[in-house]
1. Condition first: in contact with a Ser or Thr (Cβ under 9 Å, 6 or more places away or on another chain) and small (Gly, Ala, Ser). Now tell me which residues in the stretch 242-278 satisfy that.
2. Given the options Leu449, Leu411, Leu439, name the one that is over 27 Å from Asn317 (Cα atoms) and of a type in the set (A, V, I, L, M).
3. Can you pull out the residues in the stretch 106-123 that are over 18 Å from the mean Cα position of the chain (by Cα) and in a strand (DSSP E or B)?
4. Tally up the residues in the stretch 35-61 that are within 16 Å of the ligand (Cβ to nearest atom), part of a helix (DSSP H, G or I) and either among the β-branched types (Val, Ile, Thr) or at pLDDT below 95 (or both), please.
5. Assess whether Asp476 counts as being acidic (Asp, Glu) and either in contact (Cβ under 8 Å) with a residue 40 or more places away in the chain or not assigned by TED's automatic domain parsing to the domain that holds Arg376 (or both).
6. Counting only residues that are touching a strand residue (DSSP E or B) at 6+ places or on another chain (Cβ under 7 Å) and outside any strand (DSSP E or B), which one in the stretch 146-166 is surrounded by the most Cβ atoms within 10 Å (Cβ to Cβ)?
7. Say whether the condition of being closer than 23 Å to Thr292 by Cβ, in the same structural domain as Leu239 (by TED's automatic domain parsing), surrounded by fewer than 18 Cβ atoms within 10 Å (Cβ to Cβ) and β-branched (Val, Ile, Thr) is met by at least one residue in the stretch 210-218.
Amino acid sequence: MKHKRALRAAVTIAVTGALAAGMTLALTSAASAGTTLGTSAAEKGRYFGAAVATGKLSTSAYTTILNREFNSVVPENEMKWDATEPQQGQFNYSGGDRLVSHAQANGMSVRGHTLLWHAQQPGWAQGMSGSALRNAAINHVTQVATHFRGKIYAWDVVNEAFADGGSGGRRDSNLQRTGNDWIEAAFRAARAADPGAKLCYNDYNTDGINAKSTGIYNMVRDFRSRGVPIDCVGFQSHLGTSLAGDYQANLQRFADLGVDVQITELDVMTGGNQANIYGSVTRACLAVSRCTGITTWGVRDCDSWRGSDNALLFDCNGNKKAAYTAVLDALNGGSTPPTTPPPGSGVDTSAWYVLLNRNSGKALDVYANATTDGARISQWTRNNGTNQQWQFVDSGSGWYRLKARSSSKVLDVYNFSTADGAAIVQWADGNGTNQQFRLASSADGYVRLINRNSGKAVEVQGSSTADGGNVVQYADWGGSNQQWQLVRIG
Ligand code: XIL
């Protein structure tokens, strides 16, 4: 650990000196790069949240990720009308309260979702109409917003009230049939009940400039001009395999109306483009100053309402996916392509790469910045230090040495061992077969590094997630601790 503190101190001194000298500084973002979604977003003045099913808070594998990575939560179902007012006038806040407590105990903000929506209404409301329904709906807004008063960062006051397709008009629903002014009535009631919460309109299929998003845009503009209290627009962003080219421009046109924008329910269909889309959405939010945060609709793929789409940032075992790294890189200002070049296309031997372990998310690192032969190779929290930068040196026929920028030594299976668990060290480049590796392809752009002499894979021993975790060779079984993402940084 000591060497890292020394390194950080050195960077700080260098930064201070450079600033004193009035120099432009490219190091700043790398030096302040966070290592979790929440801390990295916070460094950019934003939150990074997840939708939470409160029943899962007692599952430690789930809560560990939630608490480590996210600094905002939204209940996936627990604040909806059917949950909070199952019988008319009888309120149940148990699930919502539980999530609010968890958030408060862990320094997370809470998005409230949702006060009025055509779906997930209690049966009694579904059967109502006219002024009885309108009164019941406004009472619901008042009661729920009052109960959570002071605890909610932003409420989705109204959810999904616009129609899909080309009309740009409202969706037909029992609420809409109570009169077109139901939305503004809901916003006014919410403001009166909780003046401190930001009040949002939230919808899907609004990711580009289209008839639906324009209908909402016109409503927000009208509300702003007439003083109807609205502070933000939520873009659910349940996405497929492509992203609207005008996604950022769409966010910006809403922001230009004087409201905040938020990405509220992000999830992306699995496929070759998933990581890129996640990265692009993140960059779009960062590029719009009034985009205050991003929420993914769940934590792990298996928590997702989208079933087999594998649409989230963590796989079912809690491993970080390539999409995760793409988001973190974007939050940290990385302008590099987020995904590994496919092994078939070769690596760029003029580039410097950080190699991130799929299981731990940590970087391949020459321990303690050593420059000696035989120094151990470990994993460490990514900091883009020169002891985490590797160049692929071509040995021909698809074999490469991996040269550390800090020492100019190469990865080496110590003493030509062919045993499982044998140490990976650095050594002067002799182009030995124990120094040559090929890239084997795993899913989602990750690769395994297979040694030419032993045929074994470079892995983080024991699937450690700790800084300093040992890097060894082991039989190639494809484990996530044997998978690496190549992030080009220079
Ligand atoms: C979904 C939940 O994820 C599911 O658990 C539930 O069965 C149905 O609702 N848009 C929204 C969210 O605004 O409330 C929805 O959540 C997903 C689509």
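The values are calculated or read from the model by the stated rules, or taken from the named source; none is laboratory data. These numbers come from a predicted model, not from an experiment. In this analysis, Cβ positions are derived from the backbone assuming ideal geometry, glycine residues included, and neighbour counts consider all displayed protein chains.
1. Result: Ala255, Gly271, Gly272, Ala275.
2. Values: Leu449 fails: over 27 Å from Asn317 (Cα atoms); Leu439 fails: over 27 Å from Asn317 (Cα atoms).
The conditions single out Leu411.
3. Gly112, His113, Thr114, Leu115, Leu116, Trp117
4. 1
5. On the way: acidic (Asp, Glu): yes; either in contact (Cβ under 8 Å) with a residue 40 or more places away in the chain or not assigned by TED's automatic domain parsing to the domain that holds Arg376 (or both): no.
In short, no.
6. Our first condition is that a residue be touching a strand residue (DSSP E or B) at 6+ places or on another chain (Cβ under 7 Å); within the stretch 146-166, this holds for 148, 151-163.
Now restrict to residues that are outside any strand (DSSP E or B): 148, 151-153, 160-161, 163.
Working: Phe148: 21, Lys151: 18, Ile152: 27, Tyr153: 21, Glu160: 21, Ala161: 22, Ala163: 18.
Selected residue: Ile152.
7. There is at least one residue in the stretch 210-218 that is closer than 23 Å to Thr292 by Cβ, in the same structural domain as Leu239 (by TED's automatic domain parsing), surrounded by fewer than 18 Cβ atoms within 10 Å (Cβ to Cβ) and β-branched (Val, Ile, Thr).
For (1) of a type in the set (A, V, I, L, M, F, W, C); (2) outside any helix (DSSP H, G or I); (3) assigned by TED's automatic domain parsing to the domain that holds Asp194; (4) more than 13 Å from the chain's Cα centre (by Cα), each residue gets a yes or a no:
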| position | (1), (2), (3), (4) |
| --- | --- |
| Arg224 | no, no, yes, yes |
| Ser242 | no, yes, yes, yes |
| Ala249 | yes, no, yes, yes |
| Gln252 | no, no, yes, yes |
| Val261 | yes, yes, yes, yes |
| Asp267 | no, yes, yes, no |
| Ser289 | no, yes, yes, yes |
| Gly293 | no, yes, yes, no |
